[in-house]
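Reviewing the structure listed below.
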Amino acid sequence: MDKTAASACISAALDNAAASAGTADPADPLDWNDIRYALAILRGGSLAAAARTLGVDQTTVARRLRALEAGIGAPLFERHRGTLTPTFAGTLVLQRGTRIEREVAALRHLAADHQALVRGAVRLTAVDAIVSYYLVRHLADLRARHPGLAVELIASSRTLDLARREADLAIRLARPESGDFIVRRLADLGYGVYGPHTAPTGTGWQACDWVAYERSLAHVPEMRWLAGQADEERITFRCNNMEALASAVADGFGLGILPHVVGSRHATLRCLSGTTPVLSREVWLVVPRELRDVPRIRAVCDWLVERFAADATRFASGDGDPGQPVL
């Protein structure tokens with residue numbers, strides 16, 4: 001069978017699986033759950049990795065794979081240097097299966113919104129500076145508008161996979177380069193150089209000690225900026241938690257490049273670089289396209305757009321912060 005004919009057969013089989021994805025009928029010639037196992041293998045590169053992801057044993061993964069390959073009539077993987085890589089048929093399964101996975105997830109979200117009411121859980125991920133210093137302070141307003149909402153905030157510097165529903169929405173400091181998302185720019189996040197009140201003003205900071213993110217975050221813009229200001233031996237403290245970094249600056253470990261939304265809330269810190277940010281990062285709202293019309297998702301998105309627009313100046317320069325300092 002040539003590739004064109006094979007593609008047609010595989011596409012037909014996957015269409016049947018998509019149509020029966022919610023039925024779980026053991027008589028179906030192709031079971032959607034088998035495709036889930038194949039996706040896990042494709043993402044993990046091995047039966048063992050897929051088993052860990054799915055919480056089953058390796059024998060179950062192998063059995064599911066054999067059933068799927070029998071239903072499609074073609075091998076889906078070949079071993080290359082110890083890793084399972086997709087064949088031509090496997091590539092088609094990945095492409096079509098991923099789309100089915102997203103559609104099934106979207107259907108589950110829609111079903112959870114009983115009679116299109118704004119209710120249920122919404123998982124929102126952002127870096128801890130935005131979660132801890134901004135979002136948690138304003139969630140009462142969202143709750144007052146929509147009492148049926150339960151918002152779960154995930155503070156993480158890791159980019160969670162929205163397509164796999166690790167979160168429903170994301171606030172990110174870079175626009176996604178790929179993926180089927182609706183994106184909207186929310187604000188500019190300005191950064192300044194902060195130190196204790198006894199620290200010198202001006203730009204002669206090369207001789208000063210500094211605090212910084214842990215080394216796995218050396219690629220982010222603020223750490224690249226810091227690399228041009230201070231030698232490695234001047235870094236006296238590293239951490240991936242913004243509150244800990246701000247506290248370390250206040251305790252005299254060194255200067256720190258902090259978002260104004262963080263530094264302006266610490267009474268024992270002052271900005272040494274003035275109101276003009278030393279650098280800015282764009283803040284983006286990222287929504288999977290298939291979730292944009294889910295009422296609870298749209299309600300949170302509309303609230304975020306309104307909230308960030310009202311505080312645009314505060315994000316850019318730290319001015320206009322009505323809240324009380326945290327230290």
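What follows draws every value from the coordinates through simple rules; no lab data is involved. Computed from a predicted model, the values in this text were never measured in an experiment. Neighbour counts are summed over all protein chains in view; Cβ atoms, including those assigned to glycine, are modelled from backbone coordinates with ideal geometry.
Placing a label point 7 Å from the Cα of residue 43 along the Cα-to-Cβ line, the residues of segment 64-108 whose backbone N sits under 14 Å from it are 94-95, 97-106. Annotation: extensible slack from residue 241 through residue 218 equals 6.9 nm (criterion: 0.36 nm per residue apart, minus Cα-Cα distance). Counted residue by residue at 0.36 nm each, then reduced by the alpha carbon distance between them, the extension gain from residue 161 to residue 174 reaches 3.2 nm. Between amide H atoms placed 1.01 Å from N, distances below 5 Å from residue 154 occur with 124, 125, 126, all of them 5 or more places distant or on a separate chain. Packing-based ranking of 141-152, 295-306 yields 295-306, 141-152, ordered from highest to lowest mean Cβ neighbour count within 10 Å.
Looking at segment 127-275 alone, DSSP beta bridges between its own residues are antiparallel in about 65 percent of cases. Evaluated on segment 236-302, the Kirkwood hydrodynamic radius is 14.8 Å, with distances taken between all distinct Cα atoms. Each residue of segment 218-234 was assigned a 3J(HN,Hα) from its phi angle through the Karplus curve 6.51 cos²θ - 1.76 cosθ + 1.60 (θ = phi - 60°); the sequence is 5, 7, 6, x, 5, 6, 5, 4, 5, 4, x, 10, 9, 6, 4, 5, 7 Hz, with glycine and proline shown as x.
The share of alpha-carbon pairs in segment 190-279 lying farther apart than 23 Å comes to 9%.
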